[in-house]
Amino acid sequence: MIKPIATVIIPAKGRPHLLERAISSVLSQDNSQDVEIIVIDDGSSPPLVPSGLRAQDKIIRQELSIGAAKARNVGINEAGADLIYLLDSDDYFIKRDYLGDKSDISVNDIGFCDILSQGYISAYPQLVGRLEFFPFVFHRHKHICQTSSLVFLKSSGLRFDPNLPKHQDWDFVFTQGIINGFRVRRLPGTIFFDRSDTHSVSRLQSSSRSLQWLNKLREMNLLSEQEDETVEFNLLARTDYFTVVRLFQRALRELLLGRTSLDEIARIFARRMLSKRTV
């Protein structure tokens, strides 16, 4: 194959049956014969040996786990195409337009697509700007800009922060993209975001993991006072970091400002009152 039109990067650790599903979904799209797949085996034991890969594809083995963010960066650096798609090994493509995206996306774009998930079908807006980002990701548009929905150009220089254990996709879009003037926009296509693994890092309620991203945003002086309060509330309100009184005050303020809903507040309080786990 001459230079591929796109590279799909799949970090994986264990769960070989899900990796096979992800690979198959990439190959089921139109023009997949001109697309390169790079799997980064992040310290799996035993090593991953996916049967779906072709001669033009690669599997890069990391003997010791380096984490998903660094694994994605390894894949980006090794990509033979300028057009980069990300796909977590437990997710899969439903519809992707490799040729259409290649002709449409620019070096200053971060693209995202629609998402299906357990009990959820997205209805995302066309653009995500600075003012909309936090209200969108925390309340109005569930899973928007999730990692497996992202597409961008290698030549844009975008990379993931390997020091963040959580919220790597939000950091990628906000810190690397929006803050630097990138246009974050919806492109055609749909992926399935698999939320069935209740033990995944993204679903663990952990103030320490979330605080690392919040502290990074604060250290870089990227947040307005209102944004700081919004991020703190939504990242930490479900943990023991907040007292019940402070939680109620923040919840009421968020409701009055239209940045949350009664349903969301009820879920926050129910989880806090019923959960005995210390995070």
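Compute and list, largest first, the equivalent-ellipsoid semi-axes of the stretch 70-228 from the alpha carbon gyration tensor, each √(5λ) rounded to a whole angstrom.
22, 19, 17
Taking every DSSP beta bridge with both residues inside the chain, roughly what % is antiparallel (nearest 5)? Display every interim value, and only then the final one.
Numbers: 12 of 35 bridges.
Of all bridge pairs located within the chain, approximately 35 percent are antiparallel.
Under a 10 Å cutoff between Cα atoms, tell me which one of H139, H17, H167 has the largest fluctuation in the Gaussian network model of the chain.
Ranking H139, H17, H167 by mean-square fluctuation puts H17 first.
Suppose only helical runs count, i.e. DSSP H with n ≥ 4. What mean residue ellipticity at 222 nm does that imply for the chain under -39500 (n - 2.57) per run, divided by all residues and rounded to the nearest 500 deg cm²/dmol?
Details: 9 runs with 91 residues, N = 279.
Value at 222 nm, helices only, nearest 500: -9500 deg cm²/dmol.
Quick one: which residues, 5 or more positions from R186 or on another chain, have an amide H under 5 Å from its amide H? H modelled 1.01 Å from N in the peptide plane, none for Pro or chain starts.
F112, L127
Explain nothing, just the number: relative contact order of the stretch 92-222, from Cα pairs under 8 Å at least 6 residues apart, as a whole percent. Write out the running numbers ahead of the final one.
Working: 181 pairs, mean separation 50.9, N = 131.
Relative contact order for the stretch 92-222 comes out at 39 percent.
Using Cα atoms only, what is the angle between the long axis of helix 16-27 and the major principal axis of the chain, expressed in degrees (0 to 90) to the nearest 10?
Once rounded, the angle reads 70 degrees.
With contacts defined as alpha carbon pairs under 8 Å and 6 or more residues apart, what's the relative contact order of the chain in percent? Mind dumping the intermediate values first?
On the way: 472 pairs, mean separation 50.4, N = 279.
It comes to 18 percent, rounded to a whole number.
Enter the mean projected area of the convex hull around the alpha-carbon atoms of the stretch 26-77, in nm², rounded to one decimal.
Values: hull surface 16.2 nm².
Its Cα hull, projected and averaged over all orientations, spans 4.1 nm².
When Lys and Arg each count +1 and Asp and Glu each count -1, what net charge do the other residues less than 13 Å away from S45, Cβ to Cβ, add up to? Could you put the intermediate results ahead of the total?
Numbers: positive: K13, R15, R61; negative: D41, D42, E63.
That works out to 0.
When the Karplus curve 6.51 cos²θ - 1.76 cosθ + 1.60 is applied with θ = phi - 60°, which whole-Hz ³J(HN,Hα) does each residue of the stretch 34-43 get, with x for Gly and Pro?
Those phi angles translate into 9, 10, 9, 10, 10, 9, 9, 7, 8, x Hz.
Treating the angle as unsigned and between 0 and 90°, give the value, to the nearest 10°, between the Cα long axis of helix 225-236 and the longest Cα principal axis of the chain.
80 degrees
Taking the Cα centre of each part, how many Å lie between the stretch 115-151 and the stretch 33-102?
That distance is 23 Å.
Over the chain, with a Gaussian network built from C-alpha contacts below 10 Å, which listed residue (D161, D104, D228) shows the highest mean-square fluctuation?
Its mean-square fluctuation being the largest, the pick is D104.
State, in angstrom, two size descriptors of the chain derived from its alpha carbons: Rg to one decimal place and Dmax to the nearest whole number.
19.1, 62
Rolling a 1.4 Å sphere over the protein heavy atoms, what is the accessible area per residue of the chain, to the nearest Å²? Let's see the in-between values first.
Numbers: 12940 Å² over 279 residues.
Normalised by residue count, the accessible surface of the chain is 46 Å².
How high is the relative contact order of the stretch 35-140, in percent, with contacts defined as C-alpha pairs under 8 Å that are six or more residues apart?
Working: 62 pairs, mean separation 20.6, N = 106.
It comes to 19 percent, rounded to a whole number.
Let me see the pair-distance distribution of the stretch 1-97: every alpha carbon pair, 5 Å bin width, integer percents in order.
Computed distribution, short to long bins: 3, 15, 28, 27, 18, 7, 2, 0.
Roll a 1.4 angstrom probe over the protein heavy atoms and tell me the percent of accessible area of the chain that is carbon or sulfur. Let's see the in-between values first.
Details: 6840 of 12940 Å².
Reported share for carbon and sulfur atoms: 53 percent.
The values are calculated or read from the model by the stated rules, or taken from the named source; none is laboratory data. Owing to the predicted nature of the structure, the values given are computational and were not obtained by experimental measurement. For neighbour counting, all protein chains shown are included, and Cβ atoms are generated from backbone atoms with ideal geometry for every residue, glycine included. Ligands, DNA and RNA are excluded from the accessible area calculation, which covers all protein heavy atoms including side chains. Shrake-Rupley method; radii C 1.70, N 1.55, O 1.52, S 1.80 Å.
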